[in-house]
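K.L.:
Below: one structure in structure tokens.
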Amino acid sequence: MSNERLVEPQSLGLNPAKVDKLLQRVRREVDEGLLPAAQVALARHGKIGVFESFGEVTATALTPIFSATKAITSAAAWLLFQEGKLAEHEKVAEIIPEFGTNGKQEVTVEQLFTHTAGFPHAPFRPVQWLDKDERYGRFAQWRLTWPAGSRFEYHPSSSMWVIGELIERRSGQSFVDFVKQRVLQPLQLDNLFVGLPRAENERALACAYVGKPLTAQDYADMGMPEPPETEVTEQALLSFNDFAVRAVGVPGGGGYANAADLALFHQALWLGGLDGVELWREDTLRSARRIRTGDLCDPLFNKVANRGLGIIISGDESRSFRGFGKTNSALAFGHNGAGGQLAWVDPATGLSLAYLTPGHDRNGVRQAKRGVAISSLAADCLS
């Protein structure tokens, strides 16, 4: 991040007292010894007004952002939609013939982005991406859990692998190179990577689990459903401490960033670009933010999914179930990540937030409440 992009908070309309409340909340678990580190940034008008680090982290450190990567991968694909090289209505199998097996012939491009494609639990090891025979073999093996388009269920990684392949086939570039050359470099985001170069590996923070998990009885006592087991396990996330996995650039979860560049990236998703460089036209952004999942609900909390093209839209008063703060507007959008990573922009104010930590709290309820609190305070930081 250049010095020109870091400005005084007041110049962006931020209220110092409210910002201080936000920073106190961010550092709380670090001071208490639960989290090893945390980093937060607020941006507006394409500039950073707040960028603070707490605990065992420096301003230039890179934190794994996990599923917040989905917004980056999706936004890269938006360029292909914009250029007429990819269309939402296309059948995936007509572009990737290897995918068209076991009932997946009818899956559309749009359904990959909205988690309605029907194969949420399809296995794929990150390093398999590097071998095209293994990659396409996996695509062919996958089966539908339910008919494509019939319901919503979060696809932690499977559909994004296919989007990565779509980008490669329609751009003629590797997924990692396309994201780097068409998105990150033009925006001058030097602290944001999908596919970590060897030279940057020392900057990357190791993911570490902290705290104790809730038991089934704990959930029952709170009157909450116990989350189902998914592929997002401790073992899976800790594998990102291995450089071989970091280097792959997992389309659904392999990004690394500092909070400042992630907040600036979400400014670009609202403004269309940064510093006079336009990547996405306004009509492209409006289309990407259009909710496409209708009244389909997530299976855990039975709340409407509110999915655009690879992003989540805040929506109604249930927005905290979708990872937003209570003071976010209905228009806010973005994508958070495992371990409590937060990343959104709110068109009602033009304010964007990024909160990152390498400490993954095993207490999922505490982690979720932390995220809602931080987002709520951040969204209320204007004077």
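K.L.:
Considering Glu229, Glu200, Glu168, which residue is at pLDDT below 95, of a type in the set (D, E, K, R) and surrounded by fewer than 20 Cβ atoms within 10 Å (Cβ to Cβ)?
P.N.:
Details: Glu200 fails: at pLDDT below 95; Glu168 fails: at pLDDT below 95.
Answer to the selection: Glu229.
K.L.:
Being within 24 Å of Gln173 (Cβ to Cβ) and buried (at least 21 other Cβ atoms within 10 Å of the Cβ) is the requirement here; does Ala41 meet it?
P.N.:
Values: within 24 Å of Gln173 (Cβ to Cβ): no; buried (at least 21 other Cβ atoms within 10 Å of the Cβ): yes.
For Ala41, the condition - within 24 Å of Gln173 (Cβ to Cβ) and buried (at least 21 other Cβ atoms within 10 Å of the Cβ) - is not met.
K.L.:
Ok, one more. Looking at Glu168, Glu88, Glu153, which one is acidic (Asp, Glu) and within 23 Å of Ala257 (Cβ to Cβ)?
P.N.:
On the way: Glu88 fails: within 23 Å of Ala257 (Cβ to Cβ); Glu153 fails: within 23 Å of Ala257 (Cβ to Cβ).
Answer to the check: Glu168.
K.L.:
Among the residues of region 246-267, are any over 24 Å from Phe81 (Cα atoms), over 18 Å from the mean Cα position of the chain (by Cα) and in contact (Cβ under 8 Å) with a residue 60 or more places away in the chain?
P.N.:
no
K.L.:
Looking at Ser150, Ser74, which one is at pLDDT 95 or above and out of contact with any helix residue (DSSP H, G or I) (no Cβ under 8 Å at 6 or more places or on another chain)?
P.N.:
Working: Ser74 fails: out of contact with any helix residue (DSSP H, G or I) (no Cβ under 8 Å at 6 or more places or on another chain).
Result of the check over Ser150, Ser74: Ser150.
K.L.:
So, one more: Among the candidates Leu279, Leu296, Leu309, Leu264, single out the residue that is over 23 Å from Tyr355 (Cα atoms) and either crowded, with 21+ Cβ neighbours inside 10 Å or modelled with pLDDT under 95 (or both). If you could, list the steps in order and put the result at the bottom.
P.N.:
Values: Leu296 fails: either crowded, with 21+ Cβ neighbours inside 10 Å or modelled with pLDDT under 95 (or both); Leu309 fails: over 23 Å from Tyr355 (Cα atoms); Leu264 fails: over 23 Å from Tyr355 (Cα atoms).
Exactly one of Leu279, Leu296, Leu309, Leu264 is over 23 Å from Tyr355 (Cα atoms) and either crowded, with 21+ Cβ neighbours inside 10 Å or modelled with pLDDT under 95 (or both), namely Leu279.
K.L.:
Taking the condition on the phi > 0 side of the Ramachandran plot and either in contact with a strand residue (DSSP E or B) (Cβ under 8 Å, 6 or more places away or on another chain) or buried (at least 20 other Cβ atoms within 10 Å of the Cβ) (or both), does Gly46 pass?
P.N.:
yes
K.L.:
Count, please, the residues in region 165-183 that happen to be closer than 20 Å to Ala268 by Cβ and touching a residue at least 40 places away in the same chain (Cβ under 8 Å).
P.N.:
The qualifying residues number 8.
K.L.:
Here are some residues: Arg44, Arg25. Which one is over 22 Å from Glu278 (Cα atoms), at pLDDT 95 or above, assigned by TED's automatic domain parsing to the domain that holds His360 and of a type outside the set (Ser, Thr, Tyr)? Lay out the reasoning, then the answer.
P.N.:
Numbers: Arg44 fails: over 22 Å from Glu278 (Cα atoms).
It is Arg25.
K.L.:
Quick one: which of Val109, Val26 is β-branched (Val, Ile, Thr) and within 30 Å of Leu166 (Cα to Cα)? Spell out how you get there, then give the answer.
P.N.:
Details: Val26 fails: within 30 Å of Leu166 (Cα to Cα).
None of the other options fit; the residue is Val109.
K.L.:
Which residues, counting only those in region 295-306, are touching a strand residue (DSSP E or B) at 6+ places or on another chain (Cβ under 8 Å) and over 17 Å from Phe324 (Cα atoms)?
P.N.:
Asp295, Leu296
K.L.:
Something else about it: Does Lys104 fit the bill of being surrounded by 18 or more Cβ atoms within 10 Å (Cβ to Cβ) and over 22 Å from the mean Cα position of the chain (by Cα)?
P.N.:
Numbers: surrounded by 18 or more Cβ atoms within 10 Å (Cβ to Cβ): yes; over 22 Å from the mean Cα position of the chain (by Cα): yes.
Yes; evaluated as a whole, the condition is true for this residue.
K.L.:
Let me ask something else about it. Can you name every residue in region 131-148 that is within 17 Å of Phe175 (Cα to Cα) and surrounded by 12 or more Cβ atoms within 10 Å (Cβ to Cβ)? Can you show your working first?
P.N.:
Applying the first criterion (within 17 Å of Phe175 (Cα to Cα)) to region 131-148 yields 131-136, 139.
Selection gives Lys132, Glu134, Arg135, Tyr136, Phe139.
K.L.:
Could I ask something else about it? Where in region 335-383 are there strands (runs of 3 or more DSSP E), lying fully within it, with 1 or more residues that are surrounded by fewer than 24 Cβ atoms within 10 Å (Cβ to Cβ) and of a type outside the set (Gly, Ala, Ser)? Even if it seems obvious, please write down each step before you answer.
P.N.:
Numbers: elements: 342-346, 351-356, 359-361.
Answer list for region 335-383: 359-361.
K.L.:
Would a scan of region 238-246 turn up a residue that is outside the structural domain of Phe113 (by TED's automatic domain parsing), within 15 Å of His335 (Cβ to Cβ) and surrounded by 16 or more Cβ atoms within 10 Å (Cβ to Cβ)? I'd like the intermediate steps shown before the answer.
P.N.:
Residues of region 238-246 that are outside the structural domain of Phe113 (by TED's automatic domain parsing), as a first pass: 238-246.
Right, trim to within 15 Å of His335 (Cβ to Cβ) and you get none.
No, that holds for no residue.
K.L.:
Hey, another quick one. So, Gln181, is that one in a helix (DSSP H, G or I), assigned by TED's automatic domain parsing to the domain that holds Asp361 and more than 22 Å from Glu83 (Cβ to Cβ) or not?
P.N.:
Details: in a helix (DSSP H, G or I): yes; assigned by TED's automatic domain parsing to the domain that holds Asp361: yes; more than 22 Å from Glu83 (Cβ to Cβ): no.
No; evaluated as a whole, the condition is false for this residue.
K.L.:
Kindly check whether there is at least one residue in region 203-211 that is closer than 21 Å to Ser67 by Cα and in a helix (DSSP H, G or I). First the steps, then the outcome.
P.N.:
In the first step, residues of region 203-211 are kept if they are closer than 21 Å to Ser67 by Cα; the result is 203-210.
Among the residues that remain, those that are also in a helix (DSSP H, G or I) are: 203.
Among the residues of region 203-211, at least one is closer than 21 Å to Ser67 by Cα and in a helix (DSSP H, G or I), which makes the answer yes.
K.L.:
On to the next question. So, in region 140-178, how many residues would count as being outside any loop (DSSP other than H, G, I, E, B), closer than 29 Å to Gly273 by Cβ and not basic (Lys, Arg)? If you could, list the steps in order and put the result at the bottom.
P.N.:
Residues of region 140-178 outside any loop (DSSP other than H, G, I, E, B): 140-141, 158-171, 175-178.
Restricting the remaining residues to those that are closer than 29 Å to Gly273 by Cβ gives 159-171, 175-178.
Imposing the further condition that a residue be not basic (Lys, Arg) reduces the set to 159-168, 171, 175-178.
The qualifying residues number 15.
The values are calculated or read from the model by the stated rules, or taken from the named source; none is laboratory data. Source: prediction; values computed, not measured. In this analysis, Cβ positions are derived from the backbone assuming ideal geometry, glycine residues included, and neighbour counts consider all displayed protein chains.
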